[in-house]
Amino acid sequence: MRVVHTAMRVRDIDASLRFYEALGFERRRKLQFDGAYNIYLGVPGDGDTLELTVNEGRDEPYDLGTGYGHIALTVGDLDAVVAELAEQGIEPEKPPYHPGGRDEVGPICFVADPDGYRIELIN
């Protein structure tokens, strides 16, 4: 058994693609349905691990609810990734830090995609 992908509903696919491509995801394929479509993305060397679902004609923001936490991604050099994201107007919630002040964990930081989904970046 393995996790195949995470699916999220997004309103502005162009803004979402810019965000996730800035994080290193690659566009893989599109699957069209009646009134909706999915765009599948993945990081190099991995499968299609992210599914962005667009419900055509949706103008209202999605309610993220109280159950969603975040998606976590490992990165090689967190400071470099944060600097590259900043060049594209993507700022972390706060600068990279070690959770609980413990050096054996992190550093980490969080960014939010255009729909408000939080993404944890782990060094």
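The values are calculated or read from the model by the stated rules, or taken from the named source; none is laboratory data. Being a predicted model, the structure only gives us computed values, none of them experimental. Reconstructed Cβ throughout: ideal geometry from the backbone, glycine too, with neighbour counts over all protein chains shown. Surface accessibility is based on the protein's heavy atoms, side chains included, excluding ligands, DNA and RNA. Shrake-Rupley method; radii C 1.70, N 1.55, O 1.52, S 1.80 Å.
If you put +1 on each Lys and Arg Cβ and -1 on each Asp and Glu Cβ, how big is the dipole of the chain around its Cα centre, in Debye rounded to 20?
On the way: 12 positive and 23 negative charges, 73 e Å.
So the magnitude is around 340 debye.
Which whole-number percentage describes the relative contact order of the chain, with Cα contacts under 8 Å and a sequence gap of 6 or more?
On the way: 203 pairs, mean separation 29.5, N = 123.
Across the chain, relative contact order equals 24 percent.
Semi-axes of the equivalent ellipsoid for the chain, please: Cα gyration tensor eigenvalues, times 5, square-rooted, ordered largest first, whole Å.
Working: eigenvalues 138, 51, 41 Å².
That gives 26, 16, 14 Å for the three semi-axes.
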Check: On a 0 to 90 degree scale, rounded to 10, what angle separates helix 78-87 from the longest Cα axis of the chain?
Finding: 50
Notebook entry, point to check: Which value, in Å² rounded to 10, gives the accessible area of VAL105 with a 1.4 Å probe and all protein chains present?
Noted result: 60
Check: At a Förster distance of 22 Å, what's the computed FRET efficiency of GLU87 paired with ILE122, Cβ-Cβ distance as r, to 0.05?
Finding: 0.60
Notebook entry, point to check: Residues with amide H under 5 Å of VAL43's amide H, sequence separation 5 or more or different chain, H placed in the peptide plane at 1.01 Å from N; which?
Noted result: GLU26, THR49
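Calculate, for ARG11 and ASP79, the FRET efficiency according to 1/(1 + (r/R0)^6) with r their C-beta to C-beta distance and R0 25 Å; round to the nearest 0.05. List each step's numbers first, then the result.
On the way: r = 31 Å, r/R0 = 1.25.
So the FRET efficiency works out to roughly 0.20.
For the stretch 14-110, what % of the accessible area comes from carbon and sulfur atoms, probe 1.4 Å? Before the final figure, lay out each step's value.
Details: 2790 of 5890 Å².
Here carbon and sulfur together make up 47 percent of the probe-accessible area.
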Item checked: Within the chain, longest stretch free of exposed GluC sites (Glu not before Pro) [DSSP loop, at most 13 other beta carbons within 10 Å] -> 1-55
Next item on the list: Would you please classify the overall shape of the stretch 32-71 from the alpha carbon gyration tensor, given that a ≥ b ≥ c denote the square roots of the eigenvalues, rounded means a/c under 1.5, and beyond that prolate means a/b larger than b/c while oblate covers the rest?
Entry: oblate
Checklist line | Solvent exposure of the chain as accessible area per residue, Å², 1.4 Å probe | finding: 61
Notebook entry, point to check: Tell me, what HN-Hα J-couplings in whole Hz come from the Karplus equation 6.51 cos²θ - 1.76 cosθ + 1.60 at θ = phi - 60° for each residue of the stretch 91-103, using x for Gly and Pro?
Noted result: 10, x, 4, 8, x, x, 8, 9, x, x, x, 9, 5
Note to self: Give me, ordered by chain and number, the residues 5 or more places off ALA36 or on other chains with an amide H under 5 Å from its own placed amide H.
What the structure shows: GLU56
Check: Cα axis of helix 13-22 to longest principal axis of the chain: angle in degrees, 0 to 90, nearest 10?
Finding: 30
